[in-house]
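Here is the structure we will look at, set down as structure tokens.
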Amino acid sequence: METRNSNWWKESVVYQIYPRSFQDSDGDGQGDLRGIINRLDYLSTLGIDVIWLCPVYDSPNDDNGYDIRDYYRIQEEFGTMDDMLELISAAAERGIRLIMDLVANHTSDEHAWFVESRSAGDSPKRDWYIWKPGHDGQEPTNWESNFGGSAWEYDPVTGEYYLHCFSRKQPDLNWENPEVRENIYSMMEWWIDHGIAGFRIDAITFIKKNQQFPQLESEDGHRYVPLAAASLNQPGILDFLQEMKQQVLAPRNIMTVAESPGVPIEQIHEFVDEQHGVFNMIFQFDHVDLDNKPSAKGVYHPWKLTEFKHALTKWQAETADGGWMALFMENHDHVRSVSKYGHDGEYREVSAKMLAVYYFLMRGTPFIYQGQEIGMTNHYKESISGYRDIESLSFHSRQRELGKPEAEIMDYLALRSRDQGRTPMQWNSGYAAGFTTGEPWIGLNPDYPSVNVEHSLAAQNSILHFYRSLIELRRTHKALIYGDFQEIYTESEQVGGYTRTYQGECWTILCNFTEQRVALTEPLAGEIIVSNTDGHEAGGLKPYEAVISRTAADAE
Ligand code: TEU
């Protein structure tokens, strides 16, 4: 048995692949496993250690694979189980580990468990899902699904309703049922035995439901109320998670990163404390959701830099004495970071590098989302016909029903739609950016002739090479992995910064988030190790400049 450094997941850099949009190898317009295998050398050049692969399991694709029909099969469009095993071993040959998405809050309504569950009120699997009778022709409760509309779907076979936190084709499993939990755990073990190095655990904070199934108070008079109050991070959830830890996670040296919206900062230790917590690390969403208050979905909220910084640094402070964070700026549910927090015009390159510096060297494991490393941008679509995402489409139809003008909906989707991060990976300036020889399943961002991997590899100063050097820097300096984190310039609306100190070294990270030159209140200490401009000028930061400097702590 291979012996692994037990901290390997702290020292790793993860690259997230959304397989449908990464690389097509057979011309059907959708990415696939063979496409990923063909691009492993690229990932190896980038220097990443781990791939997080979004779902590739058999699925009818109502939510692009997050609706799983069979946990033990690979979706035909993506390839076969042999391709999957080949991907795992071809990645391992390059020193790259692979973690998979674990979607255990729900299955597809086409999963055999659900087909059996819905077949009769006395089906042995009835209780594997959450079934309730309606009241006076109404749904059992007024809970609203995360994708809009009622969270209950009427099923004529038995005249009852089933619960779905996401789409109606994603019925929620009933975690109260021990057989359900056992089946999930053995599936996890099966995949670990097949060579994967861990899991990104999807929507895990939704698994526990308030067993009273209460009506929720509607503040704005709307018929449905977001179900979070009764189904997100509910008391008792940790009993399930601790059981999963004891049975599956703890005995194995794997990476676990939980997608856990709804965990308040005071509770972080219960999730990620190294002794008593459940997972290695979690994703928190405060920084990416500043512009979106769930209470008023569809209204874009402007935010200040101090709020953005605080949304990240408060978690750093809270985990300083134990615990670990997953660091990210983008994923398949969010828009492109250079467009949102940087500048996707004139300053695209410099601001993308600045953002990389800002989040990458915090205390935690950095995640890079495909295309982020070449500075892919958002694309404004004029019409709803350009969107594919179930959440965006359902948002559009509901807002139309409410009478919202089309242009306003388009403006909102441009800023929030999950499809912004799902346009095909841009490999070169040829047909369909080298993503496919067929018709891409979703339109490309038209900037691909200039924003693509081939250009980025050829240009010495590219964002891509900058990411490569950051990965290398983090690998060679343990201070950037294990060092203590201290925020500086906390009150600044222009500059974000922090220090990392470790065994006599102090690293300073400073980032200008604006298009203006900003004066520094204190001279920069130590030797400049990295700058994203043509040279740092003492006393200030150029537009979107980022600098990394190092000094011996005892020389201060
Ligand atoms: O997302 C679930 C989820 O909780 C997110 O919508 C989260 O609240 C949001 O990103 C915070 O801004 C996961 C998957 O990532 C998503 O793609 C799936 O659609 C969903 O689960 C259902 O499986």
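On a C-alpha basis, how far is the centre of segment 86-136 from the centre of segment 439-492 in Å? Whole number, if you could?
35
So what are the ³J(HN,Hα) numbers for segment 48-53, from phi and the Karplus equation (6.51, -1.76, 1.60; θ = phi - 60°), rounded to whole Hz, Gly and Pro as x?
6, 9, 9, 9, 9, 9
Can you give the extra length, in nm with one decimal, that the chain gains between Asp321 and His222 once fully stretched, where that is 0.36 nm per residue apart less the Cα-Cα distance?
Fully extending the segment from Asp321 to His222 adds 31.3 nm.
For Arg94 and Thr306 in one chain, what is 0.36 nm times their gap in residues minus the Cα-Cα distance, to one decimal in nm?
That pair, Arg94 and Thr306, stretches by 72.3 nm at full extension.
Could you order the peptides 52-59, 321-328 from most to least packed, using the average number of other C-beta atoms within 10 Å per residue?
52-59, 321-328
Given R₀ = 51 Å, FRET efficiency for Phe213-Ile384 by Cβ-Cβ distance, to 0.05?
0.90
Taking the Cα-to-Cβ direction at Gln275 and at Ala552 and moving 7 Å from each Cα, how far apart do the two end points lie in nm?
Inter-label distance under the simple model: 3.6 nm.
So with the 1.4 Å probe, I'd like the accessible area per residue for segment 145-220, rounded to whole Å².
37
Quick check for you: with a 1.4 Å probe and neighbouring chains kept, what is the accessible area per residue of segment 484-552, in Å²?
I get 46 Å² per residue for this part.
At a 1.4 Å probe, what is the % contribution of carbon and sulfur to the accessible area of segment 111-192?
48
Given segment 68-173, report the % of alpha carbon pairs whose separation exceeds 20 Å.
The calculated P(r) of segment 68-173 puts 50 percent of pairs beyond 20 Å.
Going by amide H atoms built from the backbone, whose H comes under 5 Å of the H on Tyr129, apart from near neighbours?
Those lying under 5 Å, H to H, from Tyr129 are Asn174.
Taking just the C-alpha trace of segment 484-552, give me its Rg and Dmax in Å.
11.4, 36
Could you let me know the centre-to-centre spacing of segment 318-369 and segment 166-191, using Cα atoms, in angstrom?
Answer, in whole Å: 32.
Could you please state how large a percent of the accessible area of segment 408-491 is carbon and sulfur, counting protein chains only and using a 1.4 Å probe?
The nonpolar share, carbon plus sulfur, comes to 51 percent.
Would you rank Phe360, Phe395 by solvent-accessible area, highest first, keeping every protein chain in place and using a 1.4 Å probe?
Phe395, Phe360
Give me the orientation-averaged projected area of the Cα convex hull of segment 251-340, in nm², one decimal.
Over every viewing direction, the Cα hull of segment 251-340 projects on average to 6.9 nm².
Sort out for me the Cα centre separation of segment 218-234 from segment 535-551, rounded to whole Å.
Cα centres, segment 218-234 to segment 535-551: 46 Å.
Go from 0 up to the bin containing the longest alpha carbon distance in segment 415-556, width 10 Å each, and give me the % of pairs per bin.
10, 29, 28, 21, 10, 1, 0
In nm, to one decimal, how far is the Ile488 label point from the Ser186 one, both placed 7 Å along Cα→Cβ?
Each label point is offset 7 Å from its Cα along the Cβ direction, giving 5.7 nm.
Apply the Debye scattering formula to the chain, with a single equal point scatterer on each alpha-carbon and no solvent, then give log10 I(q)/I(0) at q = 0.09, 0.10, 0.11, 0.12 Å⁻¹.
Log10 I(q)/I(0), no solvent term: -0.68, -0.85, -1.04, -1.25.
The values are calculated or read from the model by the stated rules, or taken from the named source; none is laboratory data. Predicted, not measured: the structure shown is a model, and the values here were computed from it. Cβ sites come from the backbone with ideal geometry, for glycine too, and all protein chains shown count toward neighbours. When the accessible area is computed, the model is the full protein with side chains, heavy atoms only, and any ligands, DNA or RNA have been set aside. Shrake-Rupley method; radii C 1.70, N 1.55, O 1.52, S 1.80 Å.
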